[in-house]
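Here is the structure we will look at, set down as structure tokens.
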Amino acid sequence: MYPNLYYLVDDLFGVKLNGLKLINSFGFFVAIAFVASGYVLYLELKRKEALGHFTSKEEKIIIGAPASKSDLITNFIFGYLFGYKIVGAFTIENALNNTQSYILSLEGNMLAGLLIGALMVYVKWREKNKEKLDKPETRILTVWPHDRVGEVVLQAALWGFIGAKIFHNLENIDDLVKDPIGSLISFSGLTFYGGLILATIGVIVYIRKHNISVIHFADAMSPTMLFAYAAGRIGCHVSGDGDWGIPNFAPKPFDWLPDWTWSSTYAHNVVNQGVHIPGCEGNYCNELPVPVFPTTFYEIIIMFVLFAIMWSVRKKITQPGILTGIYLIFAGGERFFIEKIRVNNKYMSLPFQPTQAELISTFLILIGIVFLIQSKRWFPKTIVKP
């Protein structure tokens, strides 16, 4: 496993770049997943706009105004934090021995922070000053849904992270009680369905604010969400973030399969679970005592296949709501069945002792079926309103 990019680059190319210890592998691949998914969503929104499923919105913008105080302050804050932490990581001895502790600490390079903060203020002032007019003009800008993909992705990322963190701590309430601060600020410990629920609410509020049809947007998001889940799981698998399966002692079904695709001890996992690896020094020196199913790897394959299926049939489905129903059934069904070989906390007080994910995935499947049955009645094909 590769807890951060330092270990990945070292293993692939034999190059040791200490600065890469700042880039967590999980976060890196999740960021790539958001960017790639944003492009998939962009393509689908453009297609649906051409079909007349969305309308544009006119917005007023001011051209030629000087940089505002809020612009300059924001640039200074971002520049200061970058210099204080990033430059500090290279100038403070042993800062990267424990990357998470350093990032969450008050340690940093104040001089670098002030210099880069001041530089960012100057760059913003100079940029605005070049465009400055004697008299600022108000212009009308036509904005389509595909123009808002960047903002949608940011909304989904923000609310998704908050939701994933909340649901993880609700699922692991004992750990939260023992160490509330550590549980809340830890880089690990995220629950997908928590992120999905809060991100969905956040995005719906955002698109309704901009008069975008919710059901058509949901249909456009459906293949995107399958792609995003698959791409995000790459980060889970590469870093070994704890989303693995139950012990697997069965022999490989095919000799040509690499061992890690059937059972893995997740050596050097980012959450430091398991037993110490003999001869290993420093951080991330643990591996699981027994091999387990690499469920994250299976999810990557399954969800990319489901994405390919939905992407290939999306143009043939013209009834609003059907793609959303298919997504709910695909996403819920995949997670429900993978839970059978995945490590998770169970609700022992309930019949059949289900996991949180099994309960939510069952609900998603049922809602998906309802969408397939009721979409024609609920969503006329001419609908374009939010």
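Since every read-out is calculated from the coordinates, none of them should be taken as a lab result. Since we're looking at a predicted model, the values are computed, not measured. All Cβ positions, glycine included, derive from the backbone under ideal geometry; neighbour counts span all protein chains shown.
Under 19 Å from a label point set 7 Å out along the Cα-to-Cβ vector of N345, the amide N atoms of segment 224-252 belong to 241-246.
For segment 140-169 and segment 10-40, what is the centre-to-centre distance using only Cα atoms, to the nearest Å? That distance is 21 Å. Couplings 3J(HN,Hα) of segment 243-251, computed from phi: 8, 9, x, 7, x, 10, 9, 6, x Hz, in residue order, whole Hz [Karplus 6.51 cos²θ - 1.76 cosθ + 1.60, θ = phi - 60°; x for Gly and Pro]. The alpha carbon convex hull volume per residue for segment 244-386 rounds to 191 Å³. For segment 310-339 versus segment 265-296, the inter-centroid distance based on Cα atoms is 35 Å. Sum up the charges of everything whose Cβ sits under 13 Å from the Cβ of H146, counting Lys and Arg as +1 and Asp and Glu as -1, but leave H146 out. Result for the neighbourhood of H146: +1.
Computed from backbone phi, the HN-Hα couplings of segment 212-229 come to 9, 4, 5, 5, 5, 5, 4, 5, 5, 6, 4, x, 4, 5, 5, 5, 4, 5 Hz, rounded to whole numbers (Karplus: 6.51 cos²θ - 1.76 cosθ + 1.60, θ = phi - 60°; Gly and Pro given as x).
Under the simplified labelling scheme, the V35-F90 pair shows an inter-label distance of 2.0 nm, with each label point 7 Å from Cα along Cα→Cβ.
Over the chain, the ratio between the Cα radius of gyration and 2.2 N^0.38 Å evaluates to 1.12.
Can you give the FRET efficiency for C285 and K46, using 1/(1 + (r/R0)^6), R0 = 51 Å, r = Cβ-Cβ distance, to the nearest 0.05? Efficiency, from the Cβ-Cβ distance: 0.60.
The string of couplings for segment 123-134 from the Karplus curve (6.51, -1.76, 1.60, θ = phi - 60°) is 4, 5, 4, 5, 4, 5, 5, 5, 8, 5, 10, 4 Hz, one whole number per residue in order, with x for Gly and Pro. For N4, nonlocal amide neighbours, meaning residues 5 or more places apart or on other chains whose placed amide H falls under 5 Å from its own, are S25. Taking packing as the residue-averaged number of other Cβ atoms within 10 angstrom, the listed peptides 137-143, 108-114 run from highest to lowest as 108-114, 137-143.
Here, P(r) means the percent of Cα pairs in each 5 Å bin from 0 to the largest distance; for segment 29-71 it is 5, 16, 12, 12, 12, 16, 20, 7, 0. From its DSSP helices (H runs of at least four residues, each -39,500 (n - 2.57)), the chain gives a residue-normalised ellipticity at 222 nm of -18500 deg cm²/dmol. Straight Cα distances below 30 angstrom link K128 to the lysines K57, K60, K69, K85, K209, with same-chain residues fewer than 8 positions distant left out.
Taking amide H positions as modeled 1.01 Å from N, with prolines and chain starts lacking one, the residues under 5 Å from V292 and 5 or more places away or on another chain are N248, S264, T265. Take the Cα of T362, step 7 Å toward its Cβ, do the same at N272, and the gap between the two points is 3.8 nm.
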